[in-house]
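Okay, so here's the structure we're looking at.
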Amino acid sequence: MGYEPQHFTAPDGTRMVVLTADEFERLRELAEDAEDVIAATLQLERLRQGEGGMPGEVLAFILNDEMSPIGAWRKYRGLSQAELAAKVGCSQVWLSKIESGASRGAAKLRRAIATALEAPLWSIEDD
């Protein structure tokens, strides 16, 4: 580290620390890395519990073709929007809104979509 951070107490009693910008960035990057490790650990646990994963082809559609997760799974399964909509019991227009992110759709419908696509529910979520 090579320096001693400054400590002080703000007027409201909050203890504060002054860091160099480089040290702040290093700590921020470490925090982001920790979040990635936590996310990967949670995903591994889901896989161990049999939840399933995402084929590389689906991920490629999302990353390279900038498709939504539902659109990528639909393409991977070789389904049109109309075919998927019929399977889940909604209109093609409504499915299009959900797939594009214009609407979220009810949780029950999102589960039906995941089931029809034979995809883990987490994998069709945008967030």
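The values are calculated or read from the model by the stated rules, or taken from the named source; none is laboratory data. As the structure is a computational prediction, the values presented were derived from the model and not from experiment. Methodologically, a virtual Cβ is constructed for each residue, glycine included, from the backbone with ideal geometry; neighbour enumeration extends over all protein chains shown. Heads up: the accessible areas ignore ligands, DNA and RNA and are worked out on the full protein's heavy atoms, side chains in. Shrake-Rupley method; radii C 1.70, N 1.55, O 1.52, S 1.80 Å.
Counted residue by residue at 0.36 nm each, then reduced by the alpha carbon distance between them, the extension gain from K87 to L44 reaches 12.5 nm.
What number, rounded to the nearest 500 deg cm²/dmol, is the helix-based mean residue ellipticity at 222 nm of the chain, given -39500 (n - 2.57) per DSSP H run of at least four residues and division by all its residues? The per-residue figure over the chain is -18000 deg cm²/dmol.
Relative to the Cα centre, the charge distribution of the range 1-102, modelled as +1 at Lys and Arg Cβ and -1 at Asp and Glu Cβ, gives a dipole magnitude of about 740 debye.
Solvent-accessible area per residue in the chain equals 68 Å², computed with a 1.4 angstrom probe and all protein chains kept. The simple Förster model, with R0 at 30 Å and r as the Cβ-Cβ distance, assigns L63 and L27 a FRET efficiency of 0.55. A simple count of charges around L84, restricted to other residues whose Cβ falls under 12 Å of its Cβ and scoring Lys, Arg +1 and Asp, Glu -1, yields +1.
Within the accessible surface of the range 64-104, defined with a 1.4 Å probe on protein heavy atoms only, the carbon and sulfur portion equals 46 percent.
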